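Here the structure is laid out as structure tokens; the discussion comes afterwards.
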Amino acid sequence: MSLWTSKDRVAGRGAPRRVSGLAPHELLGPKGGEPIVGLTAYTAPTARRLDRHVDFMLVGDSLAMVLYGMETTRSIDLDTMIRHGRAVAQAAENTVVVVDMPFGTYEHNREKALANARRVLDETGCDAVKMEGGAALAGTVAAAVRQGIPVMGHVGLMPQKVRSAGQFRSKGHSDSARRRIVRDARTIADAGAFAIVVEGVVETVAREVAERTPVAVVGIGASAACDGQILVTEDMTGLFDAFKPKFVKRYAELGRLMEEAVIAYADDVRHRRFPGPEHTFRKRAKQSAAPPDRKGPPPPSG
Ligand code: KIV
């Protein structure tokens, strides 16, 4: 799905701007089509890798744990999310970019929520924000959407409510929990969210959420019953291997590959095999006007 090109993004406060004019519900296309593909991106190099292959990228507050080594997602601040969001939005030319509103920036005060969400949109150039919360958040979602701020919801397991690593547990096991999750999703959709992430719920609940929610339901740890899937890129590529949740499928072992590369480099340095002649600058035969830099052509050898 290609919604914008780089030409469509114009500079504003140092960040590109949304100019698509798409209504929020159009951001991910109609419900019921081909499954939606989402992955997280926290940095420009990752965004460039994903750009042509996914329907949306999420600058998730999971970066607190994955990049910054924090125990939960609750300690990351708005400025950090904006910095990562801007890097990703500037690198992603073809894909919808959604940035997570971090813990403490939107749940308790509606005016503050709207001001913070507007900052995220304006200062990153992203297309939408994501907010975790059930029915109690519906008024804030509706107010944001009325102000032209596209919102993706997030129900089920809400990591911002988790205070320690041991509390990441699947949801929806009791009948009351099932009813609450289905109602949360429905209420947030009715408030105007263009899509809902449902995380860490049992399959029967995911199916009911997908069937009874009028907008796209994107699952993570929520079975194949959803309208699409999202994973944390570092989980599915094996770059983050502190632990592996049951719902993650590893498509590569980049963490192991990286460690093998580091071991080979360290061995080469210790045995004076690196740097070799091909990595070594030598005095030029003739003076040239412009000294070579990292991006320039290699200096003449000999
Ligand atoms: O922060 C995040 O990466 C997320 C996904 C797990 C959906 O919210």
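Any read-out appearing in this document is the output of simple, stated calculations on the displayed coordinates, not a laboratory observation. Everything numeric here is computed off the predicted structure, so don't read it as measured data. Positions of Cβ are generated from backbone atoms using ideal geometry, with glycine treated the same way; all protein chains shown enter the neighbour counts.
When the residues of segment 116-130 are filtered to those that are without any contact (Cβ under 8 Å) to a residue 60 or more places away in the chain and either more than 15 Å from the ligand (Cβ to nearest atom) or within 16 Å of ILE188 (Cα to Cα) (or both), which remaining residue is surrounded by the most Cβ atoms within 10 Å (Cβ to Cβ)? The selected residue is VAL129. Scanning segment 109-125 for residues that are touching a helix residue (DSSP H, G or I) at 6+ places or on another chain (Cβ under 6 Å) and among the charged types (D, E, K, R), we see that the one that is farthest from VAL145 (Cα to Cα) is GLU123. Can you spot a residue in segment 147-157 that is touching a strand residue (DSSP E or B) at 6+ places or on another chain (Cβ under 8 Å) and farther than 27 Å from GLU26 by Cβ? Looking through segment 147-157, at least one residue is touching a strand residue (DSSP E or B) at 6+ places or on another chain (Cβ under 8 Å) and farther than 27 Å from GLU26 by Cβ.
A quick yes/no check of all residues on (1) free of Cβ contacts under 8 Å to residues at least 40 places away in the same chain; (2) under 25 Å from VAL151 (Cα atoms); (3) surrounded by 17 or more Cβ atoms within 10 Å (Cβ to Cβ):
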residue	(1), (2), (3)
GLU203	yes, yes, no
VAL215	no, yes, yes
ALA252	yes, no, no
ALA266	yes, no, no
ARG270	yes, no, no
ARG273	yes, no, no
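Which of the following residues is within 24 Å of GLY38 (Cα to Cα), of a type outside the set (A, V, I, L, M, F, W, C) and either buried (at least 18 other Cβ atoms within 10 Å of the Cβ) or more than 16 Å from the ligand (Cβ to nearest atom) (or both): ASN109, ASN94? None of the other options fit; the residue is ASN94. For segment 121-167, a tally of residues being of a type in the set (D, E, K, R) and more than 19 Å from the chain's Cα centre (by Cα) returns 2. Only a single criterion out of (1) of a type in the set (S, T, N, Q); (2) within 14 Å of the ligand (Cβ to nearest atom); (3) more than 23 Å from the chain's Cα centre (by Cα) is not satisfied by SER170, namely (3). Within segment 64-77, identify whether any single residue is within 16 Å of the ligand (Cβ to nearest atom) and acidic (Asp, Glu), and answer yes or no. So far as segment 64-77 goes, yes, one or more of its residues are within 16 Å of the ligand (Cβ to nearest atom) and acidic (Asp, Glu). Of the residues making up segment 132-159, those that are within 16 Å of the ligand (Cβ to nearest atom) and surrounded by fewer than 21 Cβ atoms within 10 Å (Cβ to Cβ) number 2. Whether any residue in segment 158-167 is out of contact with any Ser or Thr (no Cβ under 6 Å at 6 or more places or on another chain), without any contact (Cβ under 8 Å) to a residue 40 or more places away in the chain and over 26 Å from ILE76 (Cβ atoms) is what I want to check. Scanning segment 158-167 turns up no residue that is out of contact with any Ser or Thr (no Cβ under 6 Å at 6 or more places or on another chain), without any contact (Cβ under 8 Å) to a residue 40 or more places away in the chain and over 26 Å from ILE76 (Cβ atoms).
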